[in-house]
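The values are calculated or read from the model by the stated rules, or taken from the named source; none is laboratory data. Keep in mind it's a predicted model, so treat the numbers as computed, not measured. Methodologically, a virtual Cβ is constructed for each residue, glycine included, from the backbone with ideal geometry; neighbour enumeration extends over all protein chains shown. When the accessible area is computed, the model is the full protein with side chains, heavy atoms only, and any ligands, DNA or RNA have been set aside. Shrake-Rupley method; radii C 1.70, N 1.55, O 1.52, S 1.80 Å.
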Amino acid sequence: MAALPETLPGQASRLSDAWYAFRRNRRAVAGLVILLTWTVLAIGAPLFAGSNPYRGGPDALLPPGSPDHWLGTDNLGRDIWAELVYGARVSLTIGAATALVSVALGIAVGSLAGYFGGRVDGVLMRFAEFFQVLPRFVLALVIVALFGGGLWKLIIVIAVLSWPQTARVVRAQFLSLREAGFVEAARLGGMDTLGLITREIWPNALTPVIVLVSLEMASAILIEAGLGFFGLGDPNLVSWGSMLNAAQGYLRQAWWMAVMPGLAILSVVLSLNVVGDGLNDALNPRLREAA
Amino acid sequence: MSSASPALFRYIGVRILQALPLLLGVVVVNFLLIQLAPGDPTTVLIGDYPAPEEYVRQVRAEFGLDQPLPTRLVNYLGQLAQGNLGYSFANRMPVRELILQRLGATILLTGVAMALATVIGVLAGVWAARYRGKATDGVVQTTALLGYSIPEFFLGQILILIFAVWLGWLPSQGMRSARSTATGPAATLEVGLFLILPAIALSMRYVALISRLTRASVAEALTSDYVLGARARGVSERRVLFVHALRNAAAPIVTVIGYNLSFILAGSALVETVFAWPGIGRLLFDSITRRDYPVMTAILLMVSIGVVLANLITDLIQAVIDPRVRYS
Amino acid sequence: MSEAILDVQGLVTEIRTRRGVVRAVDDVSLTVGRGEIVALVGESGSGKSMTAYSLMQLFPTPAARIAAGQIRFEGRDLLTTPPDELRRIRGDRMAMIFQDPSSFLNPLMTVGRQVAEPLLARDYPRNQIDARVHDLLTRMGLPDAASLARRYPFELSGGQRQRALIAAALACKPTLLIADEPTTALDVTVQAQIMDLLRSLRDELGLSLLLITHDLGIVAQHADRVYVMYAARLAETATTRDLFHDPRHPYTRGLLRSTLSIEGASDELYSIPGVVPNLAAPPQGCRFHPRCPLATETCHQQPPLAAAGASLVACWYSDRVA
C-alpha cells in the first residue's frame with residue numbers, strides 16, 4: 001500500500017491553480033492587502049499609534065486634521081488614530097480566534113457525523129440544529145451581561161455559538177468522500193479510523209472550510225462590534241465597537257468619533273467578504289468556468 | 001388553484017413535532033443561564049434593584065429556589081406557562097406588559113424594513129441577472145457587497161449625520177416628536193417620517209442578501225430548459241423574468257428572511273438603540289445598562305421562541321411554494 | 001410536395017467557445033411543406049438540434065448566433081423580423097417541443113398554467129382559457145384534464161408531461177411544429193403513443209412537422225421526407241422511401257446498416273469505423289472522408305449537394321454507393 005497517494009492526484013496543483021485564480025481577482029487581492037495592513041498596524045500598535053489610546057488629554061473633541069491628532073480626538077481627548085490602531089488588536093484577535101475555534105469545533109463535529117453516519121450523525125446534527133436556532137447575538141449579549149465580559153470569554157461565547165455552519169459543510173463533504181475509491185483502498189489497506197479521517201479525507205474535504213474561516217471572522221467582528229456598541233466589550237480594552245458606543249452621545253458635535261471606527265469595521269469586514277468571495281470562486285473551478 | 005394535499009398536512013404535522021424539542025431546548029437554555037449566573041438566581045430574577053423583602057420571598061417561592069435543580073425547572077416552566085415573566089423594578093411593571101407595550105414598535109420597524117428589503121432586493125437582483133456581466137450588474141453587486149459589510153448601527157449613525165444633522169430633512173430620535181399632538185392620519189404620517197431612517201438602516205443588509213440571492217437564482221433560471229420552453233411558447237420576456245425565473249428565487253428569499261430572524265432582531269436591537277426607537281431592542285439595551293435582568297432574560301426567551309417559530313413557518317411556506325418539498 | 005411553409009437556405013449558426021468559433025450548423029438548406037412530416041436525422045453533435053433552435057431563433061446558450069442564411073416562414077423572412085414580432089410568431093405560428101419534457105416544464109408552476117401561457121400572451125378571452133386548456137389536454141389523450149391541470153409537473157409521468165408540452169405548443173394552432181427528439185426520453189410504448197398522437201394531429205389539423213431525431217425506426221414509420229446531417233452539414237436528402245431503399249451517401253448507408261442490421265440478424269451489429277469529428281477542428285472537405293471506405297484525394301474538396309438517383313447527395317462518389 002506504499003504506493004497509495006496521500007491525497008487525490010492533483011491536490012497540490014489544484015491549490016496552486018486556485019491561488020493563481022485568486023491573484024487575478026483584483027478585488028480579492030485588494031481585500032487581502034487591507035487585511036494585511038491592519039494586521040501589521042495591530043501587531044506594531046505601540047510603534048504606529050503615536051500616543052497612548054488609554055490616556056486622555058486636555059484637547060477633547062478636536063476635529064480630524066488637527067496638528068497632533070490627524071484623525072481628531074474623542075470626548076476624553078484621546079487620539080482617535082491611536083484608538084483605531086489598538087482597537088484593531090481587539091477586532092482582529094476576536095475575529096481570528098473565534099473563527100479558528102468555531103471552525104475547529106465544526107470540523108470535529110462534522111467529521112464525526114459525516115464519517116460515522118447513522119445514529120451518531122442524527123444526534124450530532126440535531127445538536128447542530130439546536131445551536132443554529134439559538135439567537136447568537138442576543139444570547140451573547142445576555143451571557144456577557146450576566147457573566148461578565150473579557151476578551152477570551154467573548155471569543156469562547158461567539159465561537160461556541162458559531163460552529164454549526166462549518167459542521168454542516170464538513171459533514172456534507174464527508175458523506176460524499178466516505179465511500180470514495182481512495183478512502184476504500186486505504187481502509188482495505190488496514191488504516192485506522194483516525195488515519196482515514198485525518199490523512200485521507202481531510203486533505204480532500206477541507207477546501208470549502210477555508211472560505212468559511214473568512215466569513216466566520218467577518219461575522220465575529222460584527223458581533224464584537226455590536227457587543228461593544230452595547231457597552232459589553234472588554235472593559236479594559238479599547239475596541240471599535242466601544243468607540244462607536246461613545247460616539248453615539250456625540251453624533252452632533254463630533255461626527256468623526258463615529259465615522260472613523262465605523263469605516264475601520266467596514267474596511268475589515270468588506271475585505272473579509274471579498275477575500276471570502278475570491279476564495280470561493282478560486283476554489284470552485286466549476287463556477288470559474290461558468291463566469 | 002392551491003392543492004392542499006394530504007401530503008402537505010402530514011408535512012406540517014411532522015415539522016411541528018420536530019420543532020417542539022427545540023422549543024423546550026431554548027427554554028432550558030434560558031433557565032440554565034438564570035440558574036448558573038454568578039451570585040444568587042434571585043438577583044437575576046429580580047434585577048439589580050433593592051426589592052421589598054416580601055417580593056424576594058414570593059419569587060423564591062414561585063420559582064422554588066430552595067428546591068433541587070430539576071424541580072426548579074418544572075416550576076420555571078409552570079410560571080412561564082402562566083405567562084409569568086417576572087417583574088421589572090426598573091420600570092415598575094410586570095415584564096410581560098412591558099414587552100407587549102414595546103412589541104408593536106419592533107414589529108413595525110422590522111416588518112417595514114423587511115418589506116423594503118424584499119422589494120428593493122428583488123428588483124435589483126432581477127435587474128442584475130437580466131443584464132448579467134454588464135455595468136448595471138457590477139453596480140448592483142458592488143452595492144450589495146457594501147450593504148452586506150456595513151454594521152447596521154454604523155449605517156444608522158451615518159444616516160443620522162447626513163439626513164438629520166447636516167441636511168435636517170428627517171427626524172432621527174424616537175417614534176414621534178415629544179410635543180406632538182397629531183392624531184389620525186397626521187399621526188401615522190409622523191410615525192412614517194420617524195420610521196424612514198431606521199428602516200433603511202435595518203434593511204440594508206437584507207437588501208444586499210436578497211439581491212445577491214435573487215440574482216443567482218434568476219440567472220440560473222434564465223439558462224434553464226423551462227425558460228427556453230416558455231420562450232418557445234411565445235411568453236413575453238417580462239413574464240419570463242417575473243413569473244418563471246422569479247418563482248425560482250422565491251424559496252431562497254423566504255428562507256433568508258425566515259432563517260435570519262435572530263439576526264434581524266439583533267440588527268433591530270442595535271438600530272433601535274441608535275434611533276431611540278421605543279421597541280424591544282431599545283428595551284434590551286436599557287435593561288442591560290440598568291442591570292434589569294428579568295427583562296433581559298425574558299427578551300432572550302421571546303427571541304429564542306420567535307426564531308424557532310420563524311424557522312417552522314419558513315419551512316411551511318417553502319412547502320407551499322415548492323410542492324416537491326412536501327414529499328421529501 | 002405541396003407548397004413550402006418553411007424554406008431555409010444556407011443557414012450557418014456559430015457558437016463562441018473557449019477554443020474559438022465553432023460552426024454548429026454549416027450551410028444547411030431545407031424545406032417543409034404544408035401538412036408534411038419532415039425528419040432531420042443525425043447522431044448527437046451533428047447539429048440537428050442546433051438547426052431546430054436556429055429556426056426558432058432561441059438558443060440554450062447566449063454564445064450561439066445565426067451567422068448567415070435565410071429562413072422564410074409563411075412567406076416572411078424571419079431573420080429580419082423584429083424580436084417583438086418574432087415572439088408573437090413563436091408559440092402562435094411556429095411551436096417547438098423538446099427532448100426532455102421534465103426539464104422543459106417549470107417545476108414550480110401547475111401544468112394548466114403553463115399550457116395556458118401561449119393563450120395569455122395573445123389576448124385570448126380570459127374566461128375561456130380554462131375551458132380551452134382542458135379541451136387541449138383532453139385532445140392530447142390526457143383523461144381527467146381538469147384535475148391534471150392543477151397538478152405540478154413532478155406529479156405527472158414522462159409521457160403525460162410530453163403530452164402537456166404538446167398541448168401547450170398547439171394551444172394557438174400553429175402551422176409548424178418543430179419536435180426535437182420528442183420521444184428519446186420516454187419508454188418505448190409511450191414513444192409509439194406520442195408519435196401516433198403527433199401524426200394524428202398532422203392529419204386533423206394539417207400541421208407541418210419537422211421531426212429532429214436520431215431514431216431511424218421512427219423516421220421510417222412516420223416521415224414523408226428525410227434530411228441526413230453529418231458534422232453540421234447536410235449529407236443527403238430524399239423521400240423516406242428512396243432514402244431507405246437507395247441511400248446514396250456512404251454515411252447514410254453506414255447509418256442504415258448500423259441500425260437496421262438488427263432485423264437482418266445475419267451478422268453482428270455494424271458500426272461505422274472511426275469517431276464523429278470535433279467541430280472545433282473539422283476535417284477539410286467532405287467531413288465524412290476520414291471514416292469513408294470510398295474516400296480519395298478528391299474528398300479533400302467539399303462536394304456540392306447534387307442529384308443522384310432520387311436523392312440530393314453531398315458526395316463525389318454517390319454513383320458508386322448503391
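Somewhere in segment A:76-83, is a residue open to solvent by less than 20 Å² (accessible area, probe 1.4 Å) and in contact with a strand residue (DSSP E or B) (Cβ under 7 Å, 6 or more places away or on another chain)? Quick ask: steps written out before the conclusion?
Kept after step one, since they are open to solvent by less than 20 Å² (accessible area, probe 1.4 Å), are these residues of segment A:76-83: A:77, A:79-80, A:82-83.
Restricting the remaining residues to those that are in contact with a strand residue (DSSP E or B) (Cβ under 7 Å, 6 or more places away or on another chain) gives A:79-80.
Scanning segment A:76-83 turns up at least one residue that is open to solvent by less than 20 Å² (accessible area, probe 1.4 Å) and in contact with a strand residue (DSSP E or B) (Cβ under 7 Å, 6 or more places away or on another chain).
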Residue tally, condition more than 10 Å from chain B (Cβ to nearest Cβ) and not in a helix (DSSP H, G or I), over segment C:157-176: 4
Candidates B:GLN79, B:GLN18 - the one that is open to solvent by 50 Å² or more (accessible area, probe 1.4 Å) and of a type in the set (S, T, N, Q): B:GLN18
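Can you tell me which residue within segment A:144-155, out of those that are at pLDDT 85 or above and over 10 Å from A:SER102 (Cβ atoms), is most open to solvent (accessible area, probe 1.4 Å)? So that I can check it myself, show each step before the final result.
Taking segment A:144-155 first, the residues at pLDDT 85 or above are A:144-147, A:151-155.
Those left that are additionally over 10 Å from A:SER102 (Cβ atoms): A:144-147, A:151-154.
Numbers: A:VAL144: 8, A:ALA145: 17, A:LEU146: 18, A:PHE147: 64, A:LEU151: 28, A:TRP152: 157, A:LYS153: 101, A:LEU154: 4 Å².
Looking at the filtered set, the residue picked out is A:TRP152.
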Filtered residues of segment A:90-148 (kept if within 22 Å of A:VAL269 (Cβ to Cβ) and either in contact with a strand residue (DSSP E or B) (Cβ under 9 Å, 6 or more places away or on another chain) or at the interface with chain B (Cβ under 8 Å from one of its Cβ atoms) (or both)): A:PRO135, A:ARG136, A:PHE137, A:VAL138, A:LEU139, A:LEU141
Residue, farthest from the other protein chains (Cβ to nearest Cβ), within segment A:237-274, restricted to residues that are part of a loop (DSSP other than H, G, I, E, B) and in contact (Cβ under 8 Å) with a residue 40 or more places away in the chain: A:LEU237
Counted residues, segment B:227-250 - those being open to solvent by less than 20 Å² (accessible area, probe 1.4 Å) and either without any contact (Cβ under 8 Å) to a residue 24 or more places away in the chain or at the interface with chain C (Cβ under 9 Å from one of its Cβ atoms) (or both): 10
First in segment B:151-174 and within 11 Å of chain A (Cβ to nearest Cβ) and assigned to a loop (DSSP other than H, G, I, E, B), second anywhere and of a type in the set (Val, Ile, Thr) and open to solvent by 10 Å² or more (accessible area, probe 1.4 Å), Cβ under 9 Å, 6 or more apart: B:SER172/B:VAL165
Tally of residues being open to solvent by 60 Å² or more (accessible area, probe 1.4 Å), over 19 Å from B:VAL320 (Cβ atoms) and within 12 Å of chain B (Cβ to nearest Cβ) across segment C:125-156: 1
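What residue, among those in segment C:41-94 that are β-branched (Val, Ile, Thr) and either closer than 30 Å to C:THR252 by Cβ or more than 19 Å from the chain's Cα centre (by Cα) (or both), is farthest from the other protein chains (Cβ to nearest Cβ)?
To start, the set of residues in segment C:41-94 that are β-branched (Val, Ile, Thr) comprises C:41, C:51, C:61, C:66, C:71, C:80-81, C:89.
Retained after the next criterion (residues that are either closer than 30 Å to C:THR252 by Cβ or more than 19 Å from the chain's Cα centre (by Cα) (or both)): C:41, C:51, C:61, C:66, C:71, C:80-81.
Values: C:VAL41: 22, C:THR51: 15, C:THR61: 8, C:ILE66: 16, C:ILE71: 15, C:THR80: 19, C:THR81: 13 Å.
Result: C:VAL41.
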Residue among C:GLN162, C:GLN114, C:GLN191 that alone is open to solvent by 10 Å² or more (accessible area, probe 1.4 Å) and of a type in the set (S, T, N, Q): C:GLN191
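Residue-wise test of (1) at pLDDT below 90; (2) under 25 Å from B:PHE194 (Cα atoms); (3) part of a helix (DSSP H, G or I); (4) more than 22 Å from the chain's Cα centre (by Cα).
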position	(1), (2), (3), (4)
B:THR43	yes, no, yes, yes
B:ASP48	yes, no, no, yes
B:GLU54	yes, no, yes, yes
B:ARG57	yes, no, yes, yes
B:VAL74	yes, no, yes, yes
B:GLN79	yes, no, yes, yes
B:ILE99	no, yes, yes, no
B:LEU108	no, yes, yes, no
B:THR118	no, yes, yes, no
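Condition check ((1) open to solvent by less than 20 Å² (accessible area, probe 1.4 Å); (2) modelled with pLDDT of 90 or more) across all residues:
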| site | (1), (2) |
| --- | --- |
| C:THR80 | no, yes |
| C:PRO83 | no, no |
| C:GLN99 | no, no |
| C:LEU105 | yes, yes |
Any hit, segment B:46-68, residues being surrounded by 15 or more Cβ atoms within 10 Å (Cβ to Cβ), within 11 Å of chain A (Cβ to nearest Cβ) and not hydroxyl-bearing (Ser, Thr, Tyr): no
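Using the structure shown, decide if A:ASP59 is surrounded by 14 or more Cβ atoms within 10 Å (Cβ to Cβ) and among the charged types (D, E, K, R).
Answer is yes for this residue.
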Candidate set from segment B:277-302 (those that are modelled with pLDDT of 90 or more and part of a loop (DSSP other than H, G, I, E, B)); member that is surrounded by the fewest Cβ atoms within 10 Å (Cβ to Cβ): B:PRO278
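Of all residues in segment B:251-276 being without any contact (Cβ under 8 Å) to a residue 60 or more places away in the chain and part of a helix (DSSP H, G or I), which is farthest from the other protein chains (Cβ to nearest Cβ)?
Within segment B:251-276, the subset without any contact (Cβ under 8 Å) to a residue 60 or more places away in the chain is B:252, B:256, B:258-263, B:266, B:269.
Then keep just the ones that are part of a helix (DSSP H, G or I); that gives B:252, B:256, B:258, B:261-263, B:266, B:269.
Values: B:PRO252: 12, B:VAL256: 14, B:GLY258: 12, B:LEU261: 8, B:SER262: 4, B:PHE263: 7, B:ALA266: 3, B:ALA269: 7 Å.
Top of the filtered list is B:VAL256.
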Hits in segment C:88-103 - residues which are part of a helix (DSSP H, G or I) and touching a helix residue (DSSP H, G or I) at 6+ places or on another chain (Cβ under 8 Å): C:ILE89
Single residue of segment B:277-325 satisfying the filter (within 16 Å of B:LEU33 (Cβ to Cβ) and not aliphatic (A, V, I, L, M)) that is farthest from the other protein chains (Cβ to nearest Cβ): B:PRO294
